[in-house]
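Remarks on the structure that follows.
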Amino acid sequence: MSKKFLILILFLATSAQPFAQTKKNFEINSIQFEGNHSFSTSTLSDVIYSKETPGWFWKFLNTFSSLGKEPSYFDSSLIPLDLTTLKEYYNSNGFFNAQFSCNYKVDTAKNYVDITYKIIENQPATYGRLFLGGLNDVPENVMNKISDKTNLDENQRFSQNTIQKNTANVLSELLDNGFVFARYDSTIINKDTSNNKANVNIFFIPGNRYKIDTVLVRKSGKGASLVTEKLLRDISGIKTGDYYDQDELRRSQVRLYRTGLFNSAILTAINEDTTDHKIPVKLVGDIGLLNELSPEVILNNQQNAFNVGLGAAYIKKNFFGYARKLTISSSFGVQNLFNLDFGNLIRNFSYKDTTLLGYVDSHITIDQPYLFNKPIFGTWETYFKIDKQATYNNTLYGSSVTLDFELPTYTFINHLSTSYTVEQSNEVYRTLNDSLSSKLISDIAADIASTTADNILFPTQGYNLSFHIEEANSLPFLISKIFKQNYTGSLFYKILINSSYYIPLDNIKNSIAAFKLEVGDLQTFYGGFAGVPINRTFYAGGSNSIRAWRSNQLVPQGSDSVLTIYGINNVKGGAFLLESSMEYRYRILENFGTVLFSDIGNTWENYKQFRYDGLAVALGFGFRYYTAVAPFRLDFGFKFYDPGDHRFIFDHKVVFRQLQVQFGIGEAF
């Protein structure tokens, strides 16, 4: 009996082995959601564990590179986990009574599985009462600041993300007003089922309130002996007796870095040494060499064109003390990199040649941090530049003074700078038999900006809003009137408004919708437009503008009656600019992404000449490679509508002749 039983076991084991070896894995062909009225399918797909299998192209790439994606196989054990995560996600967004179920279909012929999640959302809860606990000893003025940042709209749907933001706002205000050891305790949500409300109770432990005792300086590095502790304390701007302010510490650290003295600088509170509600702050800095001579590789997007070049700079830090920085630099850059004749690079950089476009410049700059013992960054600069374009050459030399005011990050306006510039420009119009136009301007300008964008390199949420205004030549005009001289120049003002907005389309913020609108206007109120320097007018086209046209190619038609190599009757830019762009950005991998874009815009001699049929329209796609320094981008723009001949892309037999390739550093906006 035992021998027969052993033989039976061996038979079953050996016969089961072929079936185990031929077991099939089913790929997840599709994941569908039914009843999800409040959240998109893509949003819910990011929440659950099960994932759709990628397309054949990505699976093919995966066979020989890391750029592809592996197939996604069906695992029935993940279904309960998916239902749980969906319930948690809906619960965190106010749908406390949502119901979930799942079914799936197996296609044995194609080895595919189709999954469907069914959702009954029911009515979401809205906000009820908000109570902040543990703050009885917090002063009234601090509580008023907290109240301003913790308002909940009772008509809005409950969201756990909103509660977390309010919690972070409270902690931020406590830390910025002396409560060094403030911390979050707990959150209790009371569900009012009769009124379908969520009453929110957030508790904190603020601790004691502390003032700054002293600033201890610990410096090291090769230049440590050449920089005094008093100087570092003055630049930090931290004052004994003020309440501890975490945001001020962050801004002080940035202020120290801007001096260029430090290889590293860290400002921290010494938590272990607190007496009598006072706390010391420690500055630990590694000070590098105070004299530097360095070569540079130039990569930038000046004048809406990608420029490549070389340069060199000498830097003297702590120049005559007080952390001044002297910089002497020179560089050159070329624009038409792909058509460049490297063998004749130097010989071709002449006024007569039109095959090599670019610039040569030299600068002497002095930077002064913490000017007038205030959080103001001052810069004096004198410069010389030759700008070589297809239709003109422009020689510029001048001097400018800029004041950059440090503003808190939490205010609406968080950037402000003013400048005064005196500049001489000598414009040589190659298409007008090398005629010369010389202009001297005295320019006062201001830049105001507001930004909430979450990332400089890859913004996924928030906005950037900037306002530039400048006025030219009023000062020399008044001086000429005082001395009863005839003023022959032009007086003008220029306004440029730029706004960009970013919307995440999924939870992990890899899919982004981005929008840009830019409007500029230049008006002369004494003299004529001919007295406005060419570099102060508006141009469109290029890698940061309308991407189906070359750099500065879009200019008003007919103002100077000069037939350029682009076939547009103008050399000078316009006095009115309108541009708008839309992009869909998708980050496929950590360092690689794609873009679909549309650009529309142009320049005109003035706003009265604006016409809808004068708008240039570009459509295209691009690729992004993200690095720690900046994204590198390659864009392919097609002229969808050309205002030069009023023809659409469909009116051309060869579509690819309407293509313009653009290369750039950083996102287009």
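Taking 0.36 nm per residue of separation and subtracting the current Cα-Cα distance, fully stretching the chain between residue 517 and residue 611 would add 32.1 nm.
Size of the dipole of the stretch 170-266 about the Cα centre, Lys and Arg at +1 and Asp and Glu at -1 on the beta carbon, nothing else charged, in debye to 20?
Numbers: 15 positive and 11 negative charges, 85 e Å.
The calculation lands at about 400 debye.
Put a plus charge on the Cβ of each Lys and Arg, a minus charge on the Cβ of each Asp and Glu, and nothing anywhere else: the dipole of the chain about its Cα centre is then about 1060 debye. Within straight-line reach of residue 608, meaning a Cα separation under 24 Å, sit the following lysines at least 8 residues removed in sequence or on another chain: 494, 516, 572. Loop-located chymotrypsin sites (Phe, Trp or Tyr not before Pro) across the stretch 368-475 with a Cβ neighbour count of 16 or fewer within 10 Å are 410, 412, with loop assigned by DSSP. If you take the beta carbon distance between residue 101 and residue 40 as r and set R0 to 22 Å, what does 1/(1 + (r/R0)^6) give as a FRET efficiency, to the nearest 0.05? Taking R0 as 22 Å, the efficiency between residue 101 and residue 40 is 0.65. Only one residue of 133, 201, 289 has its Cα farthest out toward the positive end of the dipole of the chain, where Lys and Arg carry +1 and Asp and Glu -1 on Cβ, and that residue is 289. Based on C-alpha pairs under 8 angstrom that are at least 6 apart in sequence, the stretch 44-194 has a relative contact order of 16 percent. Inter-label distance, residue 161 to residue 148: 2.6 nm, where each label sits 7 Å from its Cα along the C-beta direction.
Could you check what % of the DSSP bridge pairs in the chain are antiparallel, to the nearest 5?
Values: 202 of 223 bridges.
Given both bridge residues lie in the chain, the antiparallel proportion sits at roughly 90 percent.
If the limit is 31 Å between Cα atoms, which of 149/278; 509/653; 282/316 go over it? From 149/278; 509/653; 282/316, over 31 Å: 509/653.
Residues of the chain were split at every exposed loop site, defined as GluC sites (Glu not before Pro) in a DSSP loop with at most 13 other C-beta atoms within 10 angstrom, and the longest piece left, sites excluded, is 273-589. Relative contact order of the stretch 202-333: what whole-number percent is it, with Cα pairs under 8 angstrom and at least 6 residues apart? Once divided by the residue count of the stretch 202-333, the mean separation gives 24 percent. Listed by chain and number, the aspartates and glutamates whose alpha-carbon sits under 15 Å from that of residue 59, ignoring those within fewer than 8 places in the same chain, are 27, 70.
Think of the chain as a dipole: +1 on every Lys or Arg Cβ, -1 on every Asp or Glu Cβ, centred on the Cα centre; then among 380, 591, 662, 591 lies furthest on the positive end. Per atom type, the chain shows carbon and sulfur on 58% of its accessible surface, probed at 1.4 Å. Ranking 117, 189, 156 by how far each Cα lies toward the positive end of the dipole of the stretch 95-211 (charges on Cβ) leaves 117 at the top.
Helix-only estimate, please: 222 nm mean residue ellipticity of the chain, summing -39500 (n - 2.57) across DSSP H runs of length 4 or more and dividing by its residues, to the nearest 500.
-5000 deg cm²/dmol
Cross-link partners of residue 385 among lysines, defined as those whose alpha carbon lies under 16 angstrom from its own and excluding same-chain residues fewer than eight positions apart: 439.
Which trypsin sites (Lys or Arg not before Pro) in the stretch 109-192 sit in a loop by DSSP (not H, G, I, E or B) and have at most 11 other Cβ atoms within 10 Å of their own Cβ? Sparse-neighbourhood loop trypsin sites (Lys or Arg not before Pro): 110. Qualifying chymotrypsin sites (Phe, Trp or Tyr not before Pro) in the stretch 26-127, where qualification requires a DSSP coil assignment and no more than 16 other C-beta atoms within 10 Å, comprise 49, 64. If you take the Cα centroid of the stretch 27-58 and the Cα centroid of the stretch 493-540, the two points sit 39 Å apart. Separation of the stretch 441-457 and the stretch 591-629, taken as the distance between their Cα centroids, equals 21 angstrom.
Note that the stretch 168-249 presents 49 Å² accessible area per residue, ligands and nucleic acids not counted, probe 1.4 Å.
How high is the relative contact order of the stretch 358-465, given as a whole-number percent (alpha carbon pairs under 8 Å, six or more residues apart)? For the stretch 358-465, the relative contact order is 18 percent. What angle do you read, to the nearest 10 degrees and between 0 and 90, between the alpha-carbon axis of helix 246-258 and the longest principal axis of the chain? Taking the Cα atoms of the chain, the angle to 246-258 is about 50 degrees.
The values are calculated or read from the model by the stated rules, or taken from the named source; none is laboratory data. As the structure is a computational prediction, the values presented were derived from the model and not from experiment. Here Cβ is always computed from backbone atoms with ideal geometry, including for glycine, and neighbour counts include all displayed protein chains. In case anyone asks, the SASA skips ligands and DNA or RNA and just uses the protein heavy atoms, side chains included. Shrake-Rupley method; radii C 1.70, N 1.55, O 1.52, S 1.80 Å.
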